[in-house]
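A short write-up of the structure that comes next.
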Amino acid sequence: MSLPGGFIKRRVPPERLSQLSMAKLLRVVVLLVLCTTAVWCASDYDEEDGGDETGGKNTETSVDARGHRPLPAGQKLPPTRRPPAPPVSGGGYRARPTKAPARGGKKEPLVFPDSGGCKHLQDELGVLCPTGCELRTNLLKQSRNVKNSVANIRPKLESLSHSSNSIFKYASLLGEKFKERQELNKENENLINEYSIELEEQYTYIKENVDNNIPSNIRILRQVLENLRSKIQKLEATISSQVENCRSPCVTSCNIPVVSGKECEEIYRKGGETSEMYLIQPDAFFRPYKVYCDMTTQDGGWTVIQNRQDGSVNFGRTWDSYKNGFGNVASNGGKGVCDTPGEYWLGNERISQITNLGPTEALIEMEDWDNNKVSAKYTGFTVQNEANKYQLSVSGYQGTAGNALMEGASELRGENRTMTIHNGMFFSTYDRDNDGWLHADPNKQCAKEDGGGWWYNRCHSANPNGRYYWGGYYTYDMAKHGTDDGVVWMNWKKSWYSMKKMSIKIRPFFSN
Ligand SMILES: [Ca+2]
């Protein structure tokens, strides 16, 4: 670099010349240095950067063809401030595009970079930069170091980036896992919520039951239990009393009066005027037997042939049982005598025998569960022998119960009524069908369906030997065969009422 010769040939005073020449010289040197540096730096940095598209374009087409604005004479482009190069290749900073100088604008004070250079003695002369060659050498040295450092750093960086990649992958994996866990947790939470709601409902239901229903149920059960207990106690008392009642006839704890006769009327005539158990002997060829004599009702002298009062004896019996009689004739009432009648059937043989001694009358008495009493009296009452199937003949009705035996059920009409008349009928038991009901089915028998032995027609208006129903009223459902099988007298209480008491007594008929 050499100074232009024109500057030296001009004539000026020597001091002034020295001052001016020094200043001009310095200015030129500075400008030259700056320009060289700028050009070199630009090319150098471009090389280092690997090319800058915008920067390159700016240098070639920095001016719009339409608006060409040349710089004023003598004005130089201000030096470009460049940031230091990025430490690693690839990417990096973009160079700031050169600013077009403002037209006719105020001359801006020059600003010189102060890095990498030494300052001039006078500030307005700017920075004294190192020469391009020195700079290049320095930079080459530096670049070697930098390249080494970069070479050193690069594998580390690569491993770092590799590890960071794996860390990133790991982190994203962890994130996904975390998300999955969160979703799972959410699902679990929902499930737990559902379960807890259900559990709460169940708990409330159970608690309500425990608090309300169970105590009331227990109360009800307790009441039922108490009722059952009292019923059992009553039953036990009944059983024990029955056992007592059964024992007394067996041991014969009561004295049988010495007075005896063919039947109760004769005993009464002989002085036996108390109602109790006596021995009678209607026929001298037959052994005497025990019977209960009613010596008070309608002048007394009644031989009781049938008695119902508590259901203690089963009346659903065989032909032979009805033939010979069954049940308990009487029991000790506490006075040492058998003054309390039991439930019994005297027996068709005995009944037939007595009624065939002479004209006989019969008194049928009954009582409902409200202690109302009615009776039916037949002045003529005869039962044939076994050969004639103990056929019944009744006549001369008097009374309040209704003439069931002769007229049938008063609530029925025509044939239906006549088939309930008992007068003239043979005796039937469930094992001996002599009734007026002709049926091919052997199970269709009155004695089977209506519960006792009786002079059944087809089948009855009266059923004194029927089933004993406690309390009176009974229903179709309660009956064994759905028939009115109670202790029935239809002409008084119709079919579905069973008497509390029923008795049949006979005595010789007095025509006066
Ligand atoms: Ca029949």
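The values are calculated or read from the model by the stated rules, or taken from the named source; none is laboratory data. Computed from a prediction, not measured in an experiment: that's the story for all the values here. We place every Cβ from the backbone using ideal geometry, glycine too, and count neighbours over all the protein chains shown. Ligands, DNA and RNA are excluded from the accessible area calculation, which covers all protein heavy atoms including side chains. Shrake-Rupley method; radii C 1.70, N 1.55, O 1.52, S 1.80 Å.
Gly327 passes every criterion in (1) at positive phi; (2) open to solvent by 50 Å² or more (accessible area, probe 1.4 Å) apart from (2).
With the structure loaded, tell me whether Thr400 is at pLDDT 95 or above and within 16 Å of the ligand (Cβ to nearest atom) or whether it fails that test.
no
Is region 333-346 home to any residue that is farther than 15 Å from Ile256 by Cα, open to solvent by 40 Å² or more (accessible area, probe 1.4 Å) and at pLDDT 95 or above? No, the conditions are met nowhere in region 333-346. Residues in region 262-276 that are of a type in the set (Gly, Ala, Ser) and in contact with a strand residue (DSSP E or B) (Cβ under 9 Å, 6 or more places away or on another chain): Gly272, Ser275. Being not in a loop (DSSP other than H, G, I, E, B) and not basic (Lys, Arg) is the filter; apply it to region 446-481 and report the residue that is farthest from the ligand (Cβ to nearest atom). Restricting to residues being not in a loop (DSSP other than H, G, I, E, B) and not basic (Lys, Arg), the top hit is Tyr473.
Taking Met419 and the conditions (1) crowded, with 24+ Cβ neighbours inside 10 Å; (2) within 16 Å of the ligand (Cβ to nearest atom); (3) touching a residue at least 24 places away in the same chain (Cβ under 8 Å); (4) among the hydrophobic types (A, V, I, L, M, F, W, C), which numbered condition does it fall short on, given that it satisfies the others? Checking Met419 against (1) crowded, with 24+ Cβ neighbours inside 10 Å; (2) within 16 Å of the ligand (Cβ to nearest atom); (3) touching a residue at least 24 places away in the same chain (Cβ under 8 Å); (4) among the hydrophobic types (A, V, I, L, M, F, W, C), the one that fails is (1). Scanning region 451-466 for residues that are touching a Ser or Thr at 6+ places or on another chain (Cβ under 7 Å) and over 14 Å from Tyr322 (Cβ atoms) returns Asn457, His460, Ser461.
Do the conditions hold for Asn443, that is, is it more than 16 Å from the ligand (Cβ to nearest atom) and either more than 15 Å from Lys323 (Cβ to Cβ) or acidic (Asp, Glu) (or both)? If you could, list the steps in order and put the result at the bottom.
On the way: more than 16 Å from the ligand (Cβ to nearest atom): no; either more than 15 Å from Lys323 (Cβ to Cβ) or acidic (Asp, Glu) (or both): yes.
Taking the combined requirement at face value, the residue does not satisfy it.
Just checking, how many residues over region 322-374 are assigned to a helix (DSSP H, G or I) and touching a residue at least 60 places away in the same chain (Cβ under 8 Å)? Working first, answer last.
Kept after step one, since they are assigned to a helix (DSSP H, G or I), are these residues of region 322-374: 322-324, 348-355.
With touching a residue at least 60 places away in the same chain (Cβ under 8 Å) added as a condition, the list becomes 322-323, 348, 350-351, 353-355.
Qualifying residue count for the region: 8.
Which residue is surrounded by the fewest Cβ atoms within 10 Å (Cβ to Cβ), if the candidates are limited to region 428-465 and must be among the acidic types (Asp, Glu) and within 13 Å of Thr318 (Cα to Cα)?
As a first pass, look at region 428-465 and keep what is among the acidic types (Asp, Glu): 431, 433, 435, 441, 449-450.
Subset that is within 13 Å of Thr318 (Cα to Cα): 431, 433.
Working: Asp431: 15, Asp433: 19.
Step by step, filter region 428-465, then rank; the result is Asp431.
Annotation for region 490-512: no member residue is open to solvent by less than 20 Å² (accessible area, probe 1.4 Å) and within 16 Å of the ligand (Cβ to nearest atom).
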